[in-house]
Amino acid sequence: MSEQRAPSQFPSAPLRELAGRITDGSHFSPTPQEHGYLIANVKDMKSGFIDFSSCTRISAAAYRELKATGCTIRNGNVLLSKDGTVGRVVVYQQDDEIGALSSICIIVPTEEIDSAYLGHALQSEICVRQFENFMSGSALRRLVLRDIRTIEIPVPSVEQQAVIAQILDTLDTAIRETEALIDKLKAVKQGLLHDLLTRGIDANGQLRPPQSEALQLYKESPLGWIPREWEVEQLGNLLADVDPAMRSGPFGSALLKEELVEVGLPLLGIDNVHTEQFVAEFKRCVTPAKFRQLSRYAVRPADLMITIMGTVGRCCLVPDDIGLALSSKHTWTISLDQDRYSPYLAMLQVNYSPWMAQHFTKDQQGGTMMAIRSETLRSLLLPVPAREEQHAIEIRLREVSNRIDSESAALEKMKLEKSGLMDDLLTGRVRVTPLLEASP
């Protein structure tokens, strides 16, 4: 049963009464040009703005035709995506007037409605539920102008609208800044991954110069140029002694559907293994008795889990709090000899090193469902720095990964806070009247 929400305590009005004009963009697509005027599509609607760099360019003649038929976007317009990806909203606050295609609804607010407030209202649950009702039963997600004009919008006073918009705009700014920071950190991490996994850290704790600048520090190997201090070893030779079944037997347990139970001990599979991330959603379980019978396939904290069917080569570490769980036949779960190789570093090598993808690709088996053989994994080559250097590399990469995780958690918290606050403010359950009374 869906959550029942209290109706808005503000009066409401259909969108057609709050807009001087509600239209959409051009229903024909002008021929793209290398230079010329901009025309926007849904793909160009980003978080709070139109991305001019991704817009198509059209001729002056085509643009004049758009302008004559009212298919252009101006400063202060509110944009709503209505075809395909439905419900994106941009309050257009850019000086350049541009064209629009028919997938974008152009709303020109009257003086009774603050454009920033309207933008937030169109993204609220109040409006999203109405969008869904209009689109129900349709295979192609689409809103038509007739229905958009009937969308009911809560309408507090103009003064209250401005304060509500300011509060939500502040949260939006914080969200966009955090998203930009996360993107920057991910770029930094990608650079570190490339440098640290191929060049490592020298005895002075510094990143080695690249091979092109210090040839004497490198040697040729089956993996290409690697630091002279490093060795190359097959993954199968780096396993811990606790893994005899993984050396000679199948990957994991193969169970019939009737052997599974709804409540029990987890049977882990492909859906639990994402790139660098273990997803603790347990959809398949076995009884304790079946677990004891198949205990040779039990996973251990810090084991590597590698997908061997479907999207092959995804890798994550088994978390420390896993408890009792089995590995299924669709993954290869291994325990490394941690005195020789860092599981965390091995996970990164499997996920990101270019030679890993090449190794998996050349030996994939199957047609529509790709798979890799056990021997392919056992023969996988890894560069092996000294264990102390591995530890130093791991520390640096964990630092940036932990920062990304921290910022991502903060971002999700802000989005939840905005969603709840938006609902409270737009329904009137939380009033902004005290803020208005406190202002000079």
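Just so you know, all these numbers are worked out from the coordinates, no wet-lab data involved. Everything quoted here is computed from the prediction, not taken from an experiment. For neighbour counting, all protein chains shown are included, and Cβ atoms are generated from backbone atoms with ideal geometry for every residue, glycine included.
Observations, loosely collected:
- Take the chain and mark each of the chymotrypsin sites (Phe, Trp or Tyr not before Pro) that is in a DSSP loop with at most 16 other Cβ atoms within 10 Å; the longest unmarked stretch, sites excluded, is 50-281.
- Remark: spin-label model distance residue 213-residue 416 equals 4.5 nm, labels positioned 7 Å along the Cα→Cβ axis.
- Contour minus Cα-Cα distance for residue 378 and residue 237 (0.36 nm per residue): 50.0 nm
- Computed 3J(HN,Hα) for segment 60-75, one whole-Hz value per residue from the Karplus formula 6.51 cos²θ - 1.76 cosθ + 1.60 where θ = phi - 60°, is 4, 5, 5, 5, 4, 5, 4, 5, 5, 9, x, 9, 10, 10, 10, 3, glycine and proline marked x.
- Derived scalar couplings between HN and Hα for segment 419-426 equal 4, x, 5, 4, 5, 5, 6, 7 Hz in order, rounded to whole Hz, by the Karplus curve 6.51 cos²θ - 1.76 cosθ + 1.60 (θ = phi - 60°), x for Gly and Pro.
- Here residue 147 and residue 402 are evaluated by their C-beta separation; at R0 = 41 Å the FRET efficiency comes out at 0.30.
- For residue 281 and residue 9, the FRET efficiency from 1/(1 + (r/R0)^6), where r spans their Cβ atoms and R0 equals 56 Å, is about 0.90.
- Considering only alpha-carbon pairs that sit under 8 angstrom and 6 or more positions apart, the relative contact order computed for the chain is 16 percent.
- Proximal charge balance of residue 22 [Cβ under 13 Å; K/R count +1, D/E count -1]: +2
- The string of couplings for segment 396-405 from the Karplus curve (6.51, -1.76, 1.60, θ = phi - 60°) is 5, 6, 5, 4, 6, 5, 5, 5, 4, 4 Hz, one whole number per residue in order, with x for Gly and Pro.
- Exposed-loop-free span, longest in the chain, where trypsin sites (Lys or Arg not before Pro) count as exposed if DSSP calls them loop and at most 16 other C-beta atoms lie within 10 Å: 150-227
- Around residue 275: net Lys/Arg minus Asp/Glu count, Cβ-Cβ under 15 Å: 0
- Counting charges near residue 314 (Lys, Arg +1; Asp, Glu -1) among other residues having Cβ under 12 Å from its Cβ returns a value of -2.
- In this structure the amide hydrogen of residue 336, modeled in the peptide plane, comes within under 5 Å of the amide hydrogens of 240, 304, none closer than 5 places in sequence on its chain.
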